[in-house]
1. Collect the residues in segment 222-254 that are among the acidic types (Asp, Glu) and either surrounded by 13 or more Cβ atoms within 10 Å (Cβ to Cβ) or modelled with pLDDT of 80 or more (or both), keeping them in residue-number order.
2. When you check Glu41 against the structure, is it assigned by TED's automatic domain parsing to the domain that holds Ile7, touching a residue at least 12 places away in the same chain (Cβ under 8 Å), charged (D, E, K, R) and surrounded by fewer than 18 Cβ atoms within 10 Å (Cβ to Cβ), yes or no?
3. Any idea which of Thr60, Thr107 is in contact with a Lys or Arg (Cβ under 6 Å, 6 or more places away or on another chain) and of a type in the set (Ser, Thr, Tyr)?
4. Cβ-Cβ below 7 Å, separation at least six or inter-chain, first residue in segment 178-189 and crowded, with 16+ Cβ neighbours inside 10 Å, second aromatic (Phe, Trp, Tyr): which pairs?
5. Out of (1) modelled with pLDDT of 95 or more; (2) assigned to a loop (DSSP other than H, G, I, E, B); (3) under 16 Å from the mean Cα position of the chain (by Cα), the odd one out for Val166 is which?
6. Can you tell me how many residues within segment 66-116 are surrounded by fewer than 19 Cβ atoms within 10 Å (Cβ to Cβ) and of a type in the set (Ser, Thr, Tyr)?
7. Within segment 12-38, track down each residue that is aliphatic (A, V, I, L, M), in contact with a Ser or Thr (Cβ under 8 Å, 6 or more places away or on another chain) and either farther than 20 Å from Asn2 by Cα or crowded, with 17+ Cβ neighbours inside 10 Å (or both).
Amino acid sequence: MNKFLIIANSDKNETIELASKISDRLLSKNAGCKIINGYVEKQMVEEGTECIIVLGGDGTLLMAARNLVDLNIPFIGINCGNLGFLSEATPEMIDETLEKLLENHYTLEKRMMLTGRIIRNGKILSENVALNDIVINRGGLLRVIDFDIYVNGMKLNQYKADGMIVSTPTGSTAYSMSAGGPIVKPSANLILLTPICPHTLNTRSIILDADDIVELEVLNKRRVENDERFAYFDGDMAIKLISGDRISISKSKISTGIIKLSSRSFIEILKRKMSDNEDR
C-alpha cells in the first residue's frame, strides 16, 4: 500500500494529534497521505486511495464505512475509544502497524452488511446500509412498540417490546450483545434478531440465514397520538416511522473490508476485550 486516508474523530484531541504523527511517518516513507478530521464524504477521498485508517472508537469506523461503502477501500481501526471490537491496533502499535501496511503484510476480512428499506404506502421512503445493525426503537414517552415480524413473507410473530435489533455478525458485539443477544464470529454470514426489553416471557434472540428477508410492520394497537418510533442505521441515521410502515431488511450486495494484521482468532480477541472491560 502506498496511498492512505486518515479519518480522525474530531471530538478527541488525541486522535487529531495521532493523525498528524501517522501522516509524518507515512510521508517519511514516501507514501501519500490525507487527513480528514470528522465527517467524511465520498468526494473527499482522493483517487487511488488504497487504505483508510480510522482513529477513534467503533462509532467513527461505522460512520466512515457506511458513508464510503461504494468506494471498496479497506479500513483499519486504531482504537482510541473503549472496547473497540472493530479496531485492529492501538496507538502504541502505530510503528508496527504502518510497517505491515506499507509492506502489504495483512489479510482482508470481508464483513457482511445489511440493506434496510423503509416502505410507506407501497413506496420506498428511504434506503441505507448498516455494518452493525438496524434498530427499530421508541422515542419520547415510555411506551412499548407493537410490530409484526415477517421472514421471507411468512409472519413469524407479533412483538410488544421497546424495540428490535436486526444485526450482522459484526454487530453481535454491539447493541445486540447489550440487549442479551448472542456473540457471533464476525466473519459468519447470518442475521440476528434481538428484541429490546420484550414484554412477553417467551421472546428470545433468533438467528436467521443471511439470505433471509426480514420485514417489520409497525402497528398502532394502542391508538396513541404522536407515538414516536424510529429506525436507526448503525445508531446514527434516524428515520421517523408511522403506523403501517414496513422496514425490509436483507443482506447487502456490498460488504466492508476490514484489514487484519495479526493471526489472532476471534476468541482470543474476545477474551482480551472482555478482560479489559472487567478491569475498568
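1. First pass over segment 222-254, keeping only residues among the acidic types (Asp, Glu): 225, 227-228, 234, 236, 245.
Within segment 222-254, Asp227, Glu228, Asp234, Asp236, Asp245 meet the criteria.
2. On the way: assigned by TED's automatic domain parsing to the domain that holds Ile7: yes; touching a residue at least 12 places away in the same chain (Cβ under 8 Å): yes; charged (D, E, K, R): yes; surrounded by fewer than 18 Cβ atoms within 10 Å (Cβ to Cβ): yes.
Yes.
3. On the way: Thr60 fails: in contact with a Lys or Arg (Cβ under 6 Å, 6 or more places away or on another chain).
Only one candidate qualifies: Thr107.
4. Final answer for the pair search is Pro186/Phe266.
5. (2)
6. 4
7. At the first step, the residues of segment 12-38 found to be aliphatic (A, V, I, L, M) are 16, 18-19, 22, 26-27, 31, 35-36.
Retained after the next criterion (residues that are in contact with a Ser or Thr (Cβ under 8 Å, 6 or more places away or on another chain)): 16, 35.
Of everything in segment 12-38, just one residue is aliphatic (A, V, I, L, M), in contact with a Ser or Thr (Cβ under 8 Å, 6 or more places away or on another chain) and either farther than 20 Å from Asn2 by Cα or crowded, with 17+ Cβ neighbours inside 10 Å (or both), namely Ile16.
Listed here are the residues, each with its yes/no results for (1) in contact (Cβ under 8 Å) with a residue 24 or more places away in the chain; (2) touching a helix residue (DSSP H, G or I) at 6+ places or on another chain (Cβ under 7 Å); (3) of a type outside the set (Val, Ile, Thr).
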{"residue": "Thr15", "(1), (2), (3)": "yes, no, no"}
{"residue": "Leu18", "(1), (2), (3)": "yes, yes, yes"}
{"residue": "Asp24", "(1), (2), (3)": "no, no, yes"}
{"residue": "Lys34", "(1), (2), (3)": "yes, no, yes"}
{"residue": "Val45", "(1), (2), (3)": "yes, yes, no"}
{"residue": "Ile52", "(1), (2), (3)": "yes, yes, no"}
{"residue": "Leu55", "(1), (2), (3)": "yes, yes, yes"}
{"residue": "Asp58", "(1), (2), (3)": "yes, no, yes"}
{"residue": "Ala64", "(1), (2), (3)": "yes, no, yes"}
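The values are calculated or read from the model by the stated rules, or taken from the named source; none is laboratory data. Source: prediction; values computed, not measured. Neighbour counts are summed over all protein chains in view; Cβ atoms, including those assigned to glycine, are modelled from backbone coordinates with ideal geometry.
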